[in-house]
Amino acid sequence: MKHKLFWILYFVIAILMIAVAALLMPQYVILTWYSLFPVFYIVLSLLTAKWNSPSNREKRIAFEQGRLRLFSIQYDKQLGLVTEDHHDEKIRRFLERDERKCVDDFVHKAFFVITPLFLPFVLFFGAVIKILSCSMWIPVAIGALICSFRVTNERIRKREKEREEQERREERGEWK
């Protein structure tokens, strides 16, 4: 409940601040049909945040499994991923890897954070800036990449440590 209350307050405060700014400075309000671009970006950000929510993860994985079969995408044989029906569990494990969860959680929160930041572009600024306001998604993409790389590096270090430990045990004559 606290989580939802935080986001509601965050959005209400952002809307109120933009409304007050528009009331105090009506000469700077520029409403044109280009204002629909930031509105579209707001809707797209909210839909993306909802799509990447943890509660929606099962539906998204089922959708992605279907998409994998549809396009007959085959992944690295080392991962053992093919799109035949009897390998769905392997595909599911790939889609549920820690990197995916980290990125999904980051994207979910980041899109909720940047959504109200599009509001000033609806009421203020010129046409070019309204159209280019989508560039606010660039930090989200960079953050998702960093999150994925960080988790991948942790997994690689963990496997390397396990491998070294196994080699030490084998040298001492101990078997797992």
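The values are calculated or read from the model by the stated rules, or taken from the named source; none is laboratory data. In this text the structure is predicted, and so the values were computed from the model without any measurement. Cβ placement follows ideal geometry from the backbone for every residue including glycine, while neighbour counts extend to all protein chains displayed. Note: accessible area is taken over every heavy atom of the protein model, side chains too, but ligands, DNA and RNA are not part of it. Shrake-Rupley method; radii C 1.70, N 1.55, O 1.52, S 1.80 Å.
Considering only region 140-152, I want to know if a residue exists there that is over 30 Å from ALA22 (Cβ atoms), open to solvent by 70 Å² or more (accessible area, probe 1.4 Å), in contact (Cβ under 8 Å) with a residue 12 or more places away in the chain and touching a helix residue (DSSP H, G or I) at 6+ places or on another chain (Cβ under 9 Å). Yes, the conditions are met somewhere in region 140-152.
Scanning region 1-31 for residues that are surrounded by 10 or more Cβ atoms within 10 Å (Cβ to Cβ) and not hydrophobic (A, V, I, L, M, F, W, C), we see that the one that is farthest from the chain's Cα centre (by Cα) is TYR28. A Cβ distance below 6 Å, combined with a sequence gap of six or more or placement on separate chains, defines the contacts here; from region 1-22, residues that are within 17 Å of PHE125 (Cα to Cα) reach residues that are open to solvent by less than 90 Å² (accessible area, probe 1.4 Å) and assigned to a loop (DSSP other than H, G, I, E, B) in the pairs ALA22/VAL29.
When PHE106, PHE112, PHE118, PHE37 are screened for being open to solvent by 30 Å² or more (accessible area, probe 1.4 Å), part of a helix (DSSP H, G or I) and modelled with pLDDT of 90 or more, only PHE37 passes. Applying a threshold of 6 Å to beta carbon distances and a minimum spacing of six or more residues, or different chains, the list of pairs starting in region 122-133 at a residue that is within 14 Å of PHE40 (Cα to Cα) and ending at one that is small (Gly, Ala, Ser) reads VAL122/SER35; LEU123/ALA22.
Have a look at ARG69, ARG92, ARG97, ARG60 and point out the one that is open to solvent by 80 Å² or more (accessible area, probe 1.4 Å) and at pLDDT below 90.
Values: ARG92 fails: open to solvent by 80 Å² or more (accessible area, probe 1.4 Å); ARG97 fails: open to solvent by 80 Å² or more (accessible area, probe 1.4 Å); ARG60 fails: open to solvent by 80 Å² or more (accessible area, probe 1.4 Å).
From the options ARG69, ARG92, ARG97, ARG60, the qualifying one is ARG69.
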